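Student: The following block contains the structure, expressed as structure tokens.
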Amino acid sequence: MRALQSAMDAWLYGEFDWTEWDRAPAASKSSIARLLGIPEEQIALMGSVAEAAATVAKSLPPGRIIVPAQEFRSNLFPWQQLERTGHEIVLIPARDGHTRTEDIVASLDTRTVLLAISDVLSIDGHRADLMALRQATNDVGARLFVDATQSLGALHLDMGKIRPDYLAVHGYKWMLCPRGTAWLATTPELTEELIPLLPSWKSTDPPHRYFGGPFVPARGAARCDTSPSWLSWIGALPALDLLLDLDAEQVERHCIQLATDFRARAIDIGAAVGSGQSHIAVVRVTDPAAVSAQLARDGVRATLLGDRLRVGFHYFNNNSDVERAASALRGESTL
């Protein structure tokens with residue numbers, strides 16, 4: 001926050017150097033590469049997950065695309081647009097509130113070119129079985145696109161084991177970055193297949209030129225870099241440094257334990273608790289207005305969507321936060 005405020009002050013008083021600001025997006029690649037354990041050349045700078053998905057969609061060969069029907073729209077609509085170009089889009093319906101791994105696996109066949117899925121879905125906190133889905137896509141020769149926006153930063157994602165063909169993440173959630181900072185990571189084999197969705201002066205190798213052509217794409221995933229909103233990236237760098245100072249596996253254990261404790265307390269109180277097994281917990285409440293008021297009084301920031309209360313825990317939360325969130329449920333009855 002201090003880094004962002006300092007940049008905004010420099011902007012306000014006309015004391016900034018845009019060339020210094022312009023180094024921040026590229027510097028973030030180094031941090032993301034370390035966080036994911038992959039080379040920088042496999043990472044492209046994006047403004048959102050939708051942009052990342054649309055970039056991959058533009059680059060796909062013909063075939064079937066499998067997507068859970070209740071996916072977040074930024075990881076749903078870009079694929080559905082491909083129906084216009086002859087791709088077959090198969091939506092996997094949810095059962096008992098979330099998409100079943102076995103249903104996804106059963107939908108895969110040799111016609112499938114891509115499976116797109118969120119590591120964790122914020123609507124219910126359900127965590128996908130990425131290992132099983134990676135094996136299943138390998139079995140039919142399909143690619144795997146993972147949206148890690150609701151997990152990376154709080155949960156550990158082992159790129160060496162999962163080996164997604166594409167991984168997209170927006171930094172404004174659990175990575176603690178400003179909105180507008182997103183990344184698309186791909187494999188060395190697929191980087192040269194990527195077709196820039198928004199080619200610009202940033203989509204070429206440095207030193208970047210400003211005028212005239214021809215367009216010669218940058219080497220690696222940087223060919224898909226888009227022109228950055230500098231202030232967002234300036235704020236992202238210290239947030240990424242903070243995450244890199246933490247042990248990712250320890251962070252995951254802590255976050256999941258807090259969510260598990262919250263679910264246990266909610267069950268003891270008599271609330272109806274969702275089946276998610278991530279750092280995000282969803283509880284159904286009978287009096288949303290009363291719960292919302294109590295959360296506000298206790299200084300708890302959470303999301304109420306109708307009769308569904310959603311809370312998420314990061315490494316910087318502790319047991320007192322669990323107690324405060326659970327206390328707002330007292331007096332609730334199971335639906």
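Student: So PHE313 passes all but one of these: (1) free of Cβ contacts under 8 Å to residues at least 40 places away in the same chain; (2) among the aromatic types (Phe, Trp, Tyr); (3) under 30 Å from ARG100 (Cβ atoms). Which condition number does it fail?
Tutor: Every listed condition holds for PHE313 apart from (1).
Student: Another question, then. Mind checking whether some residue in the range 165-188 is buried (at least 16 other Cβ atoms within 10 Å of the Cβ), part of a loop (DSSP other than H, G, I, E, B), out of contact with any Gly (no Cβ under 6 Å at 6 or more places or on another chain) and free of Cβ contacts under 8 Å to residues at least 24 places away in the same chain?
Tutor: yes
Student: Additional query: Could you list all residues from the range 4-38 that are within 15 Å of SER229 (Cβ to Cβ), of a type in the set (A, V, I, L, M) and more than 21 Å from the chain's Cα centre (by Cα)?
Tutor: Passing the criteria: LEU4, ALA7, MET8.
Student: I'm trying to understand the selection: among the residues of the range 104-118, which are of a type in the set (D, E, K, R) and either in contact with a Lys or Arg (Cβ under 7 Å, 6 or more places away or on another chain) or part of a strand (DSSP E or B) (or both)?
Tutor: Scanning the range 104-118 gives a single hit, ARG111.
Student: Which one is most open to solvent (accessible area, probe 1.4 Å), of the residues in the range 60-90 that are touching a residue at least 40 places away in the same chain (Cβ under 8 Å) and part of a strand (DSSP E or B)?
Tutor: Restricting to residues being touching a residue at least 40 places away in the same chain (Cβ under 8 Å) and part of a strand (DSSP E or B), the top hit is ARG64.
The values are calculated or read from the model by the stated rules, or taken from the named source; none is laboratory data. In this text, all values refer to a predicted model and were calculated from it rather than measured experimentally. Neighbour counts run over all protein chains shown; Cβ positions are idealised from the backbone, glycine included. Heavy atoms of the whole protein, side chains included, go into the accessibility calculation; ligands, DNA and RNA do not. Shrake-Rupley method; radii C 1.70, N 1.55, O 1.52, S 1.80 Å.
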